[in-house]
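Participant: Below is a structure I'd like to ask you about.
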Amino acid sequence: MHRLFATHAALSLALTAVFTSIPAGAFEAQFVGASDARLGNPHDVKLSPDARHLFVSDVDNDRVAVLDAQSLALVAAFGDDHQNGTHDIDFDAAGRLYVADTHNHRVAIYAMRGLEAELVGELSQAFSKPEGVLAHRNGRIYVTGAGSGNIVAYENGKVVAQAGGLSAPHDIEAAPNGDIWIADAGNDRLVRMTAGLRTVSSLDSEVYGFSGPRYLDVLDDGTLIVADKYSHSIKIIAEDGRLVATLGDRAGLGPNRFRTPEGVEVRGDMLWIADSGNDRIVKYRFSLD
């Protein structure tokens, strides 16, 4: 979870976002820049604990690419000698890195020493083709099996809970109260569950127009930032369920245009997006009243 700062006065916006379902002036976004590194269909993105680096699931290159969070320059990479279809990334409280190593049917666990990663373990029970992983503050690790249509909770390396009924589930993120949000991509919806994996509610395509939601972030006030792949957009949904804004409205290349976006990460007033179909990471500064 991250806080979104509403700082209109601090922003001098040259570019205004394409948006819908919002009063004029309440949401603004400025395109800051894009990566020029050789990425292949990047998916989820995650800031390092010190917020200096952006860890990118570089799917087609079977690796984790590490970018400077400010300049978006490629500064490191690892995993291409043993990963296969890298999809999601998360850090636990101790700084260990969990990577959804999809086609190896496992979550790979790394000890990080600066930007050097050492493979120290894996999780591989009760799911297939994992595409989402969450290191929850309760100490559990949650994994979505895109191939098995389920979500699995691990504690101390052992399965302690699981739930099915999902279709190609992708990202998992924690809500402020400890619940978890799941991008149930094949069903074009988001599902909210308790930490014990009891379903609480869902946000469906009939209301939000979802078309393959993939990865998301949750702000401190409960706002959801969702990469909706096939609508080529980023959707912002308030904690009370209102669709607040949509950034992007059709496939393209350039400011406020994306092609099958997959990943999002927010810190302060900065938003990083995996513009997957354009093989790049883009960065925006934005405000939301």
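No lab work stands behind these numbers, since they all come straight from the coordinates. The model shown is predicted, which means the values in this text are computed figures rather than measured ones. For neighbour counting, all protein chains shown are included, and Cβ atoms are generated from backbone atoms with ideal geometry for every residue, glycine included.
Participant: If I take R0 = 22 Å and measure r between the Cβ atoms of residue 71 and residue 120 in this structure, what FRET efficiency does the formula 1/(1 + (r/R0)^6) give, to the nearest 0.05?
Facilitator: 0.15
Participant: How much length would be gained if the chain were fully extended between residue 160 and residue 221, taking 0.36 nm per residue of separation minus their Cα-Cα distance, in nm to one decimal?
Facilitator: Contour length minus the Cα-Cα distance gives 19.1 nm.
Participant: A further question on this structure: By its C-alpha gyration tensor, with a ≥ b ≥ c as the square roots of the eigenvalues, how is the chain shaped: rounded for a/c under 1.5, else prolate for a/b larger than b/c, else oblate?
Facilitator: oblate
Participant: Taking amide hydrogens as modeled 1.01 Å from N in the peptide plane, which residues meet the under 5 Å criterion relative to residue 161, leaving out close sequence neighbours?
Facilitator: Amide H to amide H, under 5 Å and 5 or more residues apart or across chains, residue 161 pairs with 153.
Participant: Relative to the compact globular guide of 2.2 N^0.38 Å, what is the alpha carbon radius of gyration of the stretch 175-289, as a ratio?
Facilitator: 1.01
Participant: Which semi-axis lengths, in whole Å and largest first, follow from the square roots of five times the eigenvalues of the Cα gyration tensor of the stretch 233-289?
Facilitator: 20, 13, 10
Participant: With a sphere of radius 10 Å drawn around the Cβ of residue 40, what net charge do the other residues whose Cβ falls strictly inside it have (Lys, Arg +1; Asp, Glu -1)?
Facilitator: Result for the local shell: -2.
Participant: Could the peptides 177-188, 30-41 be put in order, highest first, of the mean number of other beta-carbon atoms found within 10 Å of their residues?
Facilitator: 177-188, 30-41
Participant: Right, next: With θ set to phi - 60° and the Karplus curve 6.51 cos²θ - 1.76 cosθ + 1.60, what are the ³J(HN,Hα) couplings of the stretch 184-198 in order, to the nearest whole Hz, using x for Gly and Pro?
Facilitator: Computed from phi, the couplings for the stretch 184-198 are 8, 4, x, 9, 6, 7, 10, 10, 9, 10, 6, 4, x, 6, 9 Hz.
Participant: Now for a separate question. What does the charge count around residue 250 come to, taking other residues whose C-beta lies under 15 Å from its C-beta (Lys +1, Arg +1, Asp -1, Glu -1)?
Facilitator: Net local charge, residue 250 excluded: +1.
Participant: Then there is this: Can you compute log10 of I(q)/I(0) for the stretch 72-218 with the Debye formula, treating each Cα as one identical point scatterer, at q = 0.17 Å⁻¹?
Facilitator: Relative scattering, expressed as log10 I(q)/I(0), comes to -0.91.
Participant: What shape does the stretch 26-139 take by its C-alpha gyration tensor, where a ≥ b ≥ c are the square roots of the eigenvalues and a/c under 1.5 counts as rounded, a/b above b/c as prolate, and the rest as oblate?
Facilitator: Since a/c reaches 1.5 and a/b is larger than b/c, the shape of the stretch 26-139 is classed as prolate.
Participant: Sticking with this structure for a sec: With the Cα gyration tensor of the stretch 52-94 in hand, give its eigenvalues times 5 under a square root as the equivalent ellipsoid semi-axes, listed largest first in whole angstrom.
Facilitator: Ellipsoid semi-axes (Å, largest first): 17, 14, 8.
Participant: Out of 232, 43, 103, any idea which swings most in a Gaussian network model of the chain, alpha carbons joined below 10 Å?
Facilitator: 103
Participant: Under the classification rounded if a/c is under 1.5, otherwise prolate if a/b is larger than b/c and oblate if not, where does the stretch 139-229 fall, given a ≥ b ≥ c as square roots of the Cα gyration tensor eigenvalues?
Facilitator: Here the stretch 139-229 falls in the oblate category.
Participant: Now a separate question. Select from 171, 101, 279 the residue whose mean-square fluctuation is largest in a Gaussian network model of the chain (Cα-Cα springs shorter than 10 Å).
Facilitator: 279
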